[in-house]
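First up is the structure itself, then whatever we jot down about it.
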């Protein structure tokens, strides 16, 4: 299914990933879906269910989209953005994929702290 992988190193990739490939991306092998507060309700964020327990790096884009600054619960590890069709994962449209990638790139460029600062 077409989705966006956003890594903790701020790499953003549009690709076709199976749910199994998503799970394999996570250090724990366990995935959970959450609704990002700062995106339309037609999107899911798939996260590492045990990212914090495994001390995975914090995901800047994931935290921003999830609203960590509001509730204090960070997103650790890589994330995927997928479409939501009534509680089921689905492929992103080409337009949604491009727009979400643009948004992720914008968040990274506005908020990322790099060694060059």
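Give segment 90-110 a look and list any residue that's assigned to a helix (DSSP H, G or I) and crowded, with 17+ Cβ neighbours inside 10 Å, or say none. Those that are assigned to a helix (DSSP H, G or I) and crowded, with 17+ Cβ neighbours inside 10 Å: 96, 97, 100, 101, 103, 104, 107, 108. Within segment 80-106, residues that are farther than 22 Å from residue 64 by Cα sit with their Cβ atoms under 6 Å from residues that are crowded, with 18+ Cβ neighbours inside 10 Å, at 6+ positions apart or across chains, in these pairs: 90/83. Residues in segment 18-47 that are out of contact with any helix residue (DSSP H, G or I) (no Cβ under 8 Å at 6 or more places or on another chain) and not in a loop (DSSP other than H, G, I, E, B): 10 in all.
For residue 84, are the conditions met, namely being surrounded by 22 or more Cβ atoms within 10 Å (Cβ to Cβ) and either touching a strand residue (DSSP E or B) at 6+ places or on another chain (Cβ under 6 Å) or under 26 Å from residue 16 (Cβ atoms) (or both)? Judged against the criteria, residue 84 is not a match.
Would you check if there is a residue in segment 49-62 being under 10 Å from the mean Cα position of the chain (by Cα), part of a loop (DSSP other than H, G, I, E, B) and on the phi < 0 side of the Ramachandran plot? Yes, the conditions are met somewhere in segment 49-62. When segment 1-16 is filtered for residues that are under 13 Å from the mean Cα position of the chain (by Cα), surrounded by 14 or more Cβ atoms within 10 Å (Cβ to Cβ) and outside any strand (DSSP E or B), the ones remaining, listed by number, are 7, 8, 10. Looking at the structure I just gave you, is residue 70 closer than 18 Å to residue 23 by Cα, modelled with pLDDT of 90 or more and either surrounded by fewer than 18 Cβ atoms within 10 Å (Cβ to Cβ) or over 14 Å from the mean Cα position of the chain (by Cα) (or both)? Judged against the criteria, residue 70 is not a match. Among the criteria (1) more than 14 Å from residue 5 (Cα to Cα); (2) part of a helix (DSSP H, G or I), the one residue 87 does not fulfil is (2). Against the numbered list (1) surrounded by 13 or more Cβ atoms within 10 Å (Cβ to Cβ); (2) modelled with pLDDT under 95, residue 41 comes up short only at (1). When 48, 32 are screened for being farther than 17 Å from residue 103 by Cβ and surrounded by 18 or more Cβ atoms within 10 Å (Cβ to Cβ), only 48 passes.
The values are calculated or read from the model by the stated rules, or taken from the named source; none is laboratory data. What you are looking at is a predicted structure, and each value in this text was computed from that prediction instead of being measured. Methodologically, a virtual Cβ is constructed for each residue, glycine included, from the backbone with ideal geometry; neighbour enumeration extends over all protein chains shown.
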